[in-house]
1. Describe numerically, in nm with one decimal, the distance between label points set 7 Å from Cα along Cα→Cβ at ASP20 and at PHE8.
2. May I ask you to sort PHE8, PHE24, PHE33 by Cβ crowding, counting other Cβ atoms within 10 Å and putting the fewest first?
3. In nm, to one decimal, how far is the GLN48 label point from the ARG30 one, both placed 7 Å along Cα→Cβ?
4. What nm value, rounded to one decimal, do you get for the distance between ARG61 and ARG40 when each label is placed 7 Å out toward the C-beta?
5. Which of the listed residues, LEU50, HIS22, SER11, is farthest toward the dipole's positive end in segment 1-57, when Lys, Arg count +1 and Asp, Glu count -1 at the beta-carbon?
6. Which trypsin sites (Lys or Arg not before Pro) in segment 25-58 sit in a loop by DSSP (not H, G, I, E or B) and have at most 11 other Cβ atoms within 10 Å of their own Cβ?
7. So for SER11, SER53, fewest C-beta neighbours within 10 Å to most, what's the order?
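Please treat every number below as a calculation from the coordinates, not as lab data. For clarity, every value in this text was computed on a predicted model and none was experimentally measured. Neighbour counts run over all protein chains shown; Cβ positions are idealised from the backbone, glycine included.
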Amino acid sequence: MASKPGPFCASCDRSRVTADGHWFHCLYARKGFDLRTPLRLQGKQAVQDLIASEWPERNDRGAEERAQMAQRGPLQSPGRNADDDPRLEMRSRGG
């Protein structure tokens, strides 16, 4: 049983940070923001400012878009592997 009855993108407050310091607004996102560089160059306040400015502007609707698809396949095609996009598998699993 799902933890939620359906997609809740509009009210979602979840994001992910990868081990290499990229921040993703959405579990389905393929593009993220580099947090490591501003942290190293400018410090913690720069990262806080980036998150504060970017989060309200997000328009990710990955789960809603996926739910509307007539044919939903795997997020990662069988012909692709982790070498093609090493973070895709983590994002597709929500880890």
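1. About 3.2 nm separates the two model spin labels.
2. The fewest-first ordering by Cβ neighbours comes to PHE8, PHE33, PHE24.
3. 3.5
4. 3.7
5. Value computed over the given set: HIS22.
6. Listed in order of number, the matching sites are LYS31.
7. Ordered by Cβ neighbours within 10 Å, fewest first: SER11, SER53.
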